[in-house]
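The values are calculated or read from the model by the stated rules, or taken from the named source; none is laboratory data. Note that the coordinates shown come from a computational prediction; the quantities given were computed from them, not determined experimentally. Ideal geometry is used to build each Cβ from the backbone, glycine not excepted, and the neighbour counts take in all protein chains shown. Surface areas here come from the heavy atoms of the whole protein model, side chains and all, with no ligands, DNA or RNA. Shrake-Rupley method; radii C 1.70, N 1.55, O 1.52, S 1.80 Å.
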2 protein chains.
Amino acid sequence: MTTACALIIGDEILTGKVQDANSYTLARVLFERGVRLLRIETVSDDIDEIGQTVRKLSGLADYVFTSGGIGPTHDDRTYEAIAKAFDRGLALHAPTLEKLRMDLQQRYPDAVLNDARKRMALLPDPCEIIGVERLWVPVVVVENVHILPGVPSLFSYMINGIKQRFRGEVCERIIIYTRKSEGDIAEDLSRVQHAFPSVAIGSYPEYDKATYKVMVTFEGVDVETVHKAARQVERAIDGFHL
Amino acid sequence: MTTACALIIGDEILTGKVQDANSYTLARVLFERGVRLLRIETVSDDIDEIGQTVRKLSGLADYVFTSGGIGPTHDDRTYEAIAKAFDRGLALHAPTLEKLRMDLQQRYPDAVLNDARKRMALLPDPCEIIGVERLWVPVVVVENVHILPGVPSLFSYMINGIKQRFRGEVCERIIIYTRKSEGDIAEDLSRVQHAFPSVAIGSYPEYDKATYKVMVTFEGVDVETVHKAARQVERAIDGFHL
């Protein structure tokens, strides 16, 4: 089984200023790639918090993906924290700096490549660099940790740009709906779950949908088994597809 | 300082079927109450994962809030996991069962109070019960762990219903906006951050807003200091309010 963990970095999430969208994006991409996301942890901009958490997650899964803290301002400390966590220094990465310089020149001709902006090319040393088409900012990799930005559109673009590198056993997923209540279908679900332990059956009530009360999902790597389990439940609970 | 951690429980989040909304709701409520949210952890429906994580978080903060896993189906295992984590058993809680029975009778006269539904009143024993107006389902408390449901509308209603119980030092927050780029304001922010270490200054770029490029936030418990820091930055970066 190929596994991953997510580390979402940023005071803005913990203080409720911004709703994290990146863990949802990441979860969908990883599911599509057959990589099992084991856990998501969200921490503040504190260097030690980031460092301790990234080291722990790094040991738990094949891959770690981080979001946030790689901009030019004082509260962007992810490169520094991850370098420190893995006993590395920081060094100006010349090719990245050059790409940043050219990007700045093209898009904001009046902007100055000052020290603040140069910090965005001050990377853990050594690190691996994965380029993403049409962007100056790379995905920086330290051991199994992939460092991505917090801005949601950029995060999504970059994780989709590199997702081909990650692949596990892709799960089949079937979703059925029912107008019955969770309390009335629970025994049927239990019975089928027991008969098909390799299929993950999930049950999610909705209180404000006109067309159904519960969404039931079936996931597993063996396509035929997933379909078999879903068919049994579908018959038992008057399930339908949307 | 009064602190909290959040534990979001559910395979549906980790497999990207559902975007977690509850940690955002919780973060806003806790900020409003002056309680500092230290971290958010999201785990699967696995009993040991839930148990180990809740114990760890319980030791890190004054309060833990959990979301998810308290319904009637086989994948709802939060009460069981938390009971086990704190070396408690599970017992049918008679007053909760009675409220559930009455609620069912009123709202779904044809529904049967079967074993699946009764599981929702099978609570860690002992536990503390906090009733929430107009709901049969209580907030169950084990040590400092407050157990809430995953359904977003219910989570929001319940956390708002009990929030008066939690109070720390409330932070003043000021938000200003600028049309300058992060790279051009970074030095000003650093300087002011250095002069006002008790104020948390955050900088958040937006790439798709017509009216501004960066949102800058100032938070701290001393109102006058927060305003002072914000005024200094506002002048330096041509900041404005929206």
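Treating cross-link reach as a plain straight distance, find the lysines whose alpha-carbon is under 28 Å from the alpha-carbon of A:LYS228, omitting any fewer than eight places away in the same chain.
Cα-Cα hits under 28 Å: A:LYS180, A:LYS209, A:LYS213, B:LYS17.
Taking springs between alpha-carbon atoms closer than 10 angstrom, which of A:GLY59, A:GLY183, A:GLY202 fluctuates most in the Gaussian network model of chain A?
Sorting by GNM fluctuation, first place goes to A:GLY183.
Given charges of +1 on the Cβ of Lys and Arg and -1 on the Cβ of Asp and Glu, with all other atoms neutral, how large is the dipole of segment B:83-190 about its Cα centre, in debye to the nearest 20?
With Lys and Arg at +1 and Asp and Glu at -1, about 520 debye.
With +1 on the Cβ of every Lys and Arg and -1 on the Cβ of every Asp and Glu, and nothing else charged, how large is the dipole of the protein assembly as shown about its Cα centre, in debye rounded to the nearest 20?
540 debye
So for B:LYS213, A:LYS209, B:LYS17, what's the accessible-area order with a 1.4 Å probe, most first?
These residues rank, largest area first, as A:LYS209, B:LYS213, B:LYS17.
On average, how many beta carbons from a partner chain sit within 10 Å of the beta carbon of a residue in B:198-206?
Taking the mean over all residues of the peptide, I get 5.
Could you tell me what a quarter of the Cα convex hull surface of segment A:3-165 works out to, in nm² with one decimal place?
Mean projected area of the Cα convex hull: 9.0 nm².
Based on the alpha-carbon gyration tensor of segment B:172-236, what equivalent-ellipsoid semi-axes (square roots of 5 times the eigenvalues) come out, in whole Å, largest first?
Working from the Cα gyration tensor, I get semi-axes of 20, 12, 9 Å.
Averaged over B:176-183, how many beta carbons belonging to a partner chain fall within 10 Å of each residue's beta carbon?
For this peptide, the per-residue mean of nearby foreign Cβ atoms is 4.
Measure nothing but the geometry: give the 0 to 90° angle between the long axis through the Cα atoms of B:22-33 and the longest principal axis through the Cα atoms of chain B, rounded to 10°.
Helix B:22-33 sits at roughly 60 degrees to that axis.
Tally Lys and Arg at +1 and Asp and Glu at -1 over the other residues with C-beta under 11 Å from the C-beta of A:VAL151: what net charge comes out?
Its environment carries a net charge of -3.
Could you tell me what percent of the DSSP beta bridges with both partners in chain A are antiparallel, to the nearest 5?
60 percent
Enter the accessible area of A:TYR79 (Å², nearest 10), with the probe set to 1.4 Å and all protein chains included.
A:TYR79 has an accessible surface of roughly 10 Å² with all protein chains in place.
Which sequence of B:CYS5, A:CYS127 reflects their accessible areas, 1.4 Å probe, from the largest down?
Highest to lowest solvent-accessible surface, that is A:CYS127, B:CYS5.
In whole angstrom, how far apart do the alpha carbon centroids of segment B:43-112 and segment A:81-115 sit?
Cα centres, segment B:43-112 to segment A:81-115: 48 Å.
Would you check the accessible area of B:HIS241, probe 1.4 Å, heavy atoms only, in square angstrom rounded to 10?
110 Å²
Anyone know which of A:SER44, A:SER190, A:SER58 comes out most mobile in the 10 Å Cα GNM of chain A?
Fluctuation is largest for A:SER190.
Mind listing the long-range amide H neighbours of A:SER44? Cut-off is under 5 Å, sequence gap 5 or more, other chains count too, H placed in the peptide plane at 1.01 Å from N.
Distant-sequence amide H within range of A:SER44: A:GLY10.
Go ahead and set up a Gaussian network model of chain B, Cα springs under 10 Å, then flag whichever of B:GLU172, B:GLU182, B:GLU128 fluctuates most.
Answer for the Gaussian network model of chain B: B:GLU182.
Using the Karplus curve 6.51 cos²θ - 1.76 cosθ + 1.60 with θ = phi - 60°, work out ³J(HN,Hα) for each residue of segment A:61-75 in order, rounded to whole Hz, and write x for Gly and Pro.
9, 5, 10, 10, 10, 10, 10, x, x, 10, x, x, 9, 4, 8
Could you tally the net charge around A:GLY34, taking each other residue with its Cβ under 12 Å from the Cβ of A:GLY34, Lys/Arg +1 and Asp/Glu -1?
Net of charged neighbours comes to 0.
Provide A:SER153, B:SER156 ordered by accessible surface of protein heavy atoms (probe 1.4 Å), highest first.
If we order A:SER153, B:SER156 from most to least accessible, we get A:SER153, B:SER156.
From the P(r) of segment A:52-127, can you give the percent of Cα pairs sitting at distances over 13 Å?
Tail of the P(r) past 13 Å holds 70 percent of the pairs.
How large is Rg/Rh for the protein assembly as shown, to two decimals, with Cα atoms and a Kirkwood Rh?
1.00
If the only charges are +1 at each Lys and Arg Cβ and -1 at each Asp and Glu Cβ, what is the size of the charge dipole of chain A around the Cα centre, to the nearest 20 debye?
520 debye
For B:ARG165 paired with A:THR3, estimate the spin-label separation in nm (one decimal), with each label point 7 Å from Cα along the Cα-to-Cβ line.
Here the modelled spin labels are 3.4 nm apart.
Considering the options B:LEU7, B:ILE147, B:VAL35, tell which one lies farthest towards the positive end of the dipole of segment B:3-165, charges being +1 on Lys and Arg and -1 on Asp and Glu at the Cβ, about the Cα centre.
The listed residue farthest towards the positive side: B:VAL35.
Work out, step by step, the length gained on full extension between A:ASP62 and A:LYS209: first 0.36 nm times the residue separation, then minus their alpha carbon distance; give nm to one decimal.
Working it through step by step, the gained length comes to 49.1 nm.
Under the rule of -39500 (n - 2.57) per DSSP H run of 4 or more residues, summed and divided by the residues of the protein assembly as shown, what mean residue ellipticity at 222 nm is obtained, to the nearest 500 deg cm²/dmol?
-11500 deg cm²/dmol, from helical runs alone.
Relative to the other copies, what are the label-point distances for A:GLN164, with labels 7 Å from Cα along the C-beta vector, expressed in nm at one decimal and sorted shortest first?
Copy-to-copy label distances for A:GLN164: 6.0 nm.
Run through the other copies and list how far each one's label point is from that of B:ARG55, in nm with one decimal, shortest first; the point sits 7 Å from Cα along Cα-Cβ.
2.2
Based on DSSP, what percent of beta bridges with both residues in the protein assembly as shown are antiparallel, to the nearest 5?
The antiparallel fraction comes to roughly 60 percent.
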